[in-house]
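Undergrad: To start, I am sharing the structure in question, which I have written as structure tokens.
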Amino acid sequence: MSSVTLTTTLTNGHYNGKLETVETNLNGYRKNGYVKPESVEVSSLRLAAPFSTDPMAVAERERCAYGRIPRAAALAGTAPRRVRVYSDGIYDMFHQGHARQLQQAKSVFPNVYLIVGVCNDKLTHNRKGRTVMTEDERYEAVRHCRYVDEVVRDAPWEYDEEFLEKHKIDFVAHDDIPYTTEDCEDTYAMIKAKDMFVATERTEGVSTSDIVARIVRDYDIYVRRNLARGYSAKELNVSFLNEKKFRLQNKMDELKDKGKKRVSVAAAGEGAPLRDAVGAARSADGVGESEEAAQRQLTDDGSDSDDDDFQDTSPYL
């Protein structure tokens, strides 16, 4: 392969989506008097980041002559190899706040190899609570983020020297809020004491909890939407009566929309067409006014007999 000189910022070791070998001139290194002695193999943007057990990640780790890089050398861009930065989290319902945090971790030094640890379901549910996405879904979401070079599955909640040396970690990137456990007041205390901690900032106004809160707040809307899209009441954990209620609401909205469309179409016409359209719209409104009566009929005519065996475990109904 031919060699090129890379003068733009290198993101995740990718350049123009091609697999090439480059002689590195990264982020002004030549201005700092540093010329990288060996070529760097650049991965394609079309490839997801490997897991730490994949051959590509293993080969990268074996090529690394490990000896922790001092902070000053990492900042100056004078390290003899890429700086191995580790960041971890749950990454449930992966969103822009997660992506921005990983972007910061990737950018803390000029030439970063970003390793991201993702905790498994058992550990997460025990320490933090239930997740929306499974561990495999969370692993896949993270490894397809362009800032990530490698993903560590089953990441630990707390670090020890063995874990740091196994993955040849130079620095750990996380927000600076102390994370307490039963055993210590700050999970990152040991990392900070070794001067291996680099702080990132959280994105205000966005978190997994915020997204879940929106769904809970508008629960009825999303249930109606999914019923209209073909999901069954059982799949949505909705009782028989509530299913009928939601389907009736959907039907009434459909009738109202049809009435309004007829009025709009007929507005350009005259006489009878317009009168017919207005009549249709009024009929739709009349259906809306009878919603409570229709729902009462569902409970009075014995139609809910199939609901006796239903166990509604949803906290939102």
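No value in this document is a laboratory result; all are computed from the given coordinates. Only a predicted model underlies this, so the values are computations on that prediction, with no experimental measurement involved. Heads up, the Cβs are rebuilt from the backbone with ideal geometry, glycines too, and the neighbour counts pull from every protein chain shown.
Undergrad: Do the conditions hold for Glu254, that is, is it surrounded by fewer than 15 Cβ atoms within 10 Å (Cβ to Cβ), of a type in the set (D, E, K, R) and closer than 30 Å to Trp157 by Cα?
TA: Against the criterion (surrounded by fewer than 15 Cβ atoms within 10 Å (Cβ to Cβ), of a type in the set (D, E, K, R) and closer than 30 Å to Trp157 by Cα), Glu254 does not qualify.
Undergrad: Take the conditions within 23 Å of Val108 (Cβ to Cβ) and β-branched (Val, Ile, Thr) and apply them to Val148. Does it pass? It would help to see each step written out before you state the result.
TA: On the way: within 23 Å of Val108 (Cβ to Cβ): yes; β-branched (Val, Ile, Thr): yes.
Judged against the criteria, Val148 is a match.
Undergrad: Looking only at the stretch 53-77, count every residue that is under 21 Å from Val118 (Cα atoms), in contact (Cβ under 8 Å) with a residue 40 or more places away in the chain and charged (D, E, K, R) and tell me the total.
TA: 2
Undergrad: For the stretch 96-176, list the strands (runs of 3 or more DSSP E) that sit wholly inside it and hold at least 3 residues that are under 29 Å from Gly67 (Cα atoms) and of a type in the set (A, V, I, L, M); which are they?
TA: Correct list: 112-118.
Undergrad: Looking at the stretch 206-224 only, could you name the residues that are more than 28 Å from Arg247 (Cα to Cα) and in a loop (DSSP other than H, G, I, E, B)?
TA: Hits for the stretch 206-224 are Val206, Ser207.
Undergrad: Looking only at the stretch 106-124, decide whether some residue is more than 24 Å from Thr203 (Cα to Cα) and among the basic types (Lys, Arg).
TA: Yes: one or more hits.
Undergrad: Also, I was wondering about something else. Let me confirm something: among Asp253, Asp257, Asp183, which residue is of a type in the set (Asp, Glu) and either within 25 Å of the chain's Cα centre (by Cα) or outside any helix (DSSP H, G or I) (or both)?
TA: Only one candidate qualifies: Asp183.
Yes/no matrix, rows are residues, columns are (1) without any contact (Cβ under 8 Å) to a residue 40 or more places away in the chain; (2) touching a His at 6+ places or on another chain (Cβ under 7 Å); (3) farther than 30 Å from Ala73 by Cβ:
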{"position": "His95", "(1), (2), (3)": "no, no, yes"}
{"position": "Arg100", "(1), (2), (3)": "no, no, no"}
{"position": "Gln103", "(1), (2), (3)": "no, no, no"}
{"position": "Gly117", "(1), (2), (3)": "yes, no, no"}
{"position": "Lys122", "(1), (2), (3)": "yes, no, yes"}
{"position": "Tyr139", "(1), (2), (3)": "no, no, yes"}
{"position": "Val142", "(1), (2), (3)": "no, no, no"}
{"position": "Asp149", "(1), (2), (3)": "no, no, no"}
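Undergrad: Can you name every residue in the stretch 193-202 that is buried (at least 16 other Cβ atoms within 10 Å of the Cβ) and either charged (D, E, K, R) or assigned to a loop (DSSP other than H, G, I, E, B) (or both)?
TA: Listed by number, the list holds a single entry, Met196.
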